[in-house]
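Read-outs: derived from the displayed coordinates by stated rules, not from any lab. Remember, it's a predicted structure, so these values are computed and weren't measured experimentally.
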Amino acid sequence: MRCELACSYMQTGRFEPAKSVIRVSPYEGMTSYAPYTCPQCAEAWCMTVCPVGAITISPVGAKVVLEDQCVGCKLCTIACPYGTIFYNPATHKAFKCNLCGGAPACVEACPTAAILYEDVETQDWLGAFAAARSAPLLAGEGR
């Protein structure tokens with residue numbers, strides 16, 4: 001599918017649909033297809049379960065994996081109820097949709113406009129938890 005090719009190219013610099021973070025599932029005996037990727041959910045179980053805080057929120061509101069901090073424990077892949085965070089055995093790191101910095105390639109590549117990207121205001125849904133978790137980093141501790 002075009003969206004998988006566009007995504008894999010943006011993520012890896014190569015056309016490798018297996019390394020795409022968007023998947024297209026066939027339905028009704030392969031007569032229709034539905035794309036799915038990380039919905040950037042408010043609960044962000046992947047982010048909450050990460051023991052080293054390697055998943056954070058980008059300026060465009062995407063939950064992103066900080067590759068230099070990820071220890072490859074795979075807890076985020078287990079916690080994600082949508083199955084849209086993946087593990088790369090070559091790098092031993094998790095990876096997921098980062099919204100291509102605010103201009104998702106899958107949206108542009110979709111020939112049927114089945115994929116939408118709507119820019120909405122990012123909410124501070126973690127509040128005190130996020131402040132407590134990031135305080136040591138902001139204070140220069142833990143590095």
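At-a-glance table
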read-out: Compactness of the chain as Cα Rg over 2.2 N^0.38 Å, two decimals; value: 1.11
read-out: Degrees separating the helix 128-138 axis from the principal Cα axis of the chain, which is the longest one; value: 70
read-out: Alpha-carbon centroid distance for the pair segment 44-77 / segment 10-41, whole angstrom; value: 21
read-out: Nearest-ten-degree value, helix 2-12 long axis tilted from longest Cα axis of the chain; value: 40
read-out: Residue-averaged 222 nm ellipticity for the chain, from DSSP H runs of 4+ at -39500 (n - 2.57), nearest 500; value: -6500 deg cm²/dmol
read-out: Within a Gaussian network of the chain (alpha carbon springs, distance under 10 Å), most fluctuating of Cys97, Cys46, Cys73; value: Cys73
